[in-house]
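The values are calculated or read from the model by the stated rules, or taken from the named source; none is laboratory data. It should be emphasised that the depicted structure is a prediction, and the values quoted were computed from it without experimental measurement. We place every Cβ from the backbone using ideal geometry, glycine too, and count neighbours over all the protein chains shown.
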Amino acid sequence: MQALHLLLINLVVITIVLSLAQSRRRQPISLPGTIDESAVAEDGSRYWVIPETLAMALSFPLSMQALLHWTNLSTFTMMPLFSYLSYEVFGLVVNLKQGLRWTKAIQVTGLACSSLLIVFDEYRLTPENILCAFFATFLAGLSLGCKRMRPSTLNPSSNPPSVRLEAMFVSIVCAAGWCIWKEDPVAAITNFKIVDLWMLTLNVGSTTAAVLTGGSFIFPLSTDDHSEINVATTQAAKISANFAMTTIVGFISTFLPIRSYATVLQLCCYCAATICLLSTPQVEDDRSAKTEGFGLESFFKRRAQKSGFAVDDDEALSEISLVSEAEPSRSRILPSLVSLAAYAVLLVTWIGFLACNFGPLPDSNTRAPVTLLDPSYSAPHGFDVVISMYKEPVEAVRAIMSELSEIPLANASAPRLHLYTKDETAQVDQLKEATNAFQVTKLPNHGREGDTYLQHILREWDSLGRHTLFLQADVHNSREIFDRIRDFYVPETGMLSLGFTGKLCETENCGDRWGWYEEPALLHELCQKINGDYCDKILLSYKGQFIASAKRIRGVSKDVYEGLQLGMADPESWAHREPYLNGRKDSVNAPRFGYTLERMWSVIMQCSTNEIAWKCPSLLSRTRRGGDVGDCQCFDPPEPMMVFNATENT
């Protein structure tokens, strides 16, 4: 949903900035395809503009999607290394006929290894952010390589065709088509208020800078011609700018609600990759050396064009050159002082980034609520498995129990299966025999999986297992969640979410990119019923799969669970009527409030902390370098480990 929000913002920002820029220049905007044929060589190489434009245009929306999915901002700004890697590889391939320098090959290999190690050590990887970031950076590097080829065929006395409008137009069309296909445009406009403020600021700022400068501070994209500058100088400037951006973003992001974090290995690899890039020898071809015009003559011709001089007048060109050479040396000292000041600020910021990155979390004014447990409860059994089933195949349930049997700690507690089916045609006896379940219960098809979990808690209030695993028969991320249990489940586990984590939101403006949004009054009321206090921020849970201890479940009043279950199942309850629905679709078997309940289990189980939001690795990454089993869960006070007899299942 936020992809559409950012697209709408980009449209507004681009329109305003381009209008202001063009009005100040007092010249019409060039239309796509207006190329001066006299400025193009007869060999047809001007068509490098086409792949350059397409690669740049596709890279823009992909980079926007990568930013949405890549929550670790300090490492996100390191991803342009892959752009330079693809650019260097492109250059090697194009210039193979000139021979391969072994120093160049070693440096490109070092860049590749460093870049891959940064991704390898990232602890918030998801399939979406990997794919979007990889293709965005690859296409950006490809565009840079095509741009390197393009100017070589153009007459130095003529400006090469700008690809700014072409790339912008194609990227907007691609982004709009993708967003409209995948998301709901009406809902995006209606729920515009849920856009994250930091994401909004970063996007508007980067979009404005990209339009004005013709490039990007994050990805090495550029739509302006730099034929008057040496390629090595241009690349060094871009690499230095990206290094500065990584430092600044990394420093600022440590103060965000969900802070960013970079490991020692990632930082070392990033510095090594930067050194490789800055020391990489540039491969020049004869054609570009002759026609690209990297010398002073091309610079003065370019300057003369912008000033309205006739560039073919050698006398006028000589006068411009002499005037430039006669400028006082004092004007050349000022940029050096500015550069030194910039490097000093960058050094201080880098030191601050390292201190904040590896230091403790900045102090917060948010008071952590007291966790309420039921220490007097003695569980009759070790580990219960609650599965909410509809028409899924029996093999899915058997596969879940088989996976659990391979996890030593869970298997030692003799998992006991409580199977709840909402299929009206299901045969209870057959299901029990086919799944070897401890208990099979048929329920009305009300309230999605949340109603099933509430029913189990209320029915088994006095016989809850020491730990209960709540799942749906159609398990989300089936391969990863059992690794999460294997890596993090311990006897002291109080609440362990098995969905993706890291979404922390303000209760006054709480929503997510899937279009879910909840009223602050309801969130405050729920928090107050659970722990007697309001919540400033809440950690959302997803997928409706988690492990909770009986003491933590019973730490919340039974009346709270009864109220939630009644709201889900009763068609006349507040959860199925206005004003709560606010025109949203709803039914008893698919209640709108069910999506809220899915996201509130961490709150209900009193495990909604900022520490988990930023420390917990993604399901794909599994673990975090330097982390521990407490990264993704809340603990209960330790108690003696009991051994239960597996024959209790029968």
The stretch 596-613, residues that are touching an Asp or Glu at 6+ places or on another chain (Cβ under 9 Å) and buried (at least 18 other Cβ atoms within 10 Å of the Cβ): Thr596, Leu597, Glu598, Arg599, Met600, Ile612
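From Leu526, Leu469, Leu564, which residue is buried (at least 19 other Cβ atoms within 10 Å of the Cβ), part of a helix (DSSP H, G or I) and modelled with pLDDT of 95 or more? Please lay out each step first, then the result.
Details: Leu526 fails: modelled with pLDDT of 95 or more; Leu469 fails: part of a helix (DSSP H, G or I).
Of the residues listed, the single one that is buried (at least 19 other Cβ atoms within 10 Å of the Cβ), part of a helix (DSSP H, G or I) and modelled with pLDDT of 95 or more is Leu564.
Return yes when Ile485 is aliphatic (A, V, I, L, M), under 21 Å from Leu373 (Cβ atoms) and in contact (Cβ under 8 Å) with a residue 40 or more places away in the chain and no when it is not. I'd like the intermediate steps shown before the answer.
Numbers: aliphatic (A, V, I, L, M): yes; under 21 Å from Leu373 (Cβ atoms): no; in contact (Cβ under 8 Å) with a residue 40 or more places away in the chain: yes.
The answer is no for Ile485.
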Please find, among Thr109, Thr153, the residue that is crowded, with 18+ Cβ neighbours inside 10 Å, of a type in the set (S, T, N, Q) and either over 18 Å from Gln266 (Cα atoms) or at pLDDT 90 or above (or both). Thr153
Restricting the stretch 250-266 to residues that are out of contact with any strand residue (DSSP E or B) (no Cβ under 8 Å at 6 or more places or on another chain) and part of a loop (DSSP other than H, G, I, E, B), the residue that is surrounded by the most Cβ atoms within 10 Å (Cβ to Cβ): Ala262
Filter result for the condition that a residue is surrounded by fewer than 17 Cβ atoms within 10 Å (Cβ to Cβ), assigned to a helix (DSSP H, G or I) and not hydroxyl-bearing (Ser, Thr, Tyr), over Leu142, Leu131: Leu131
Any idea how many residues of the stretch 388-400 are more than 31 Å from the chain's Cα centre (by Cα), more than 13 Å from Ser478 (Cβ to Cβ) and of a type outside the set (D, E, K, R)? 4
Return yes when Tyr489 is at pLDDT 95 or above and in contact with a Leu (Cβ under 7 Å, 6 or more places away or on another chain) and no when it is not. yes
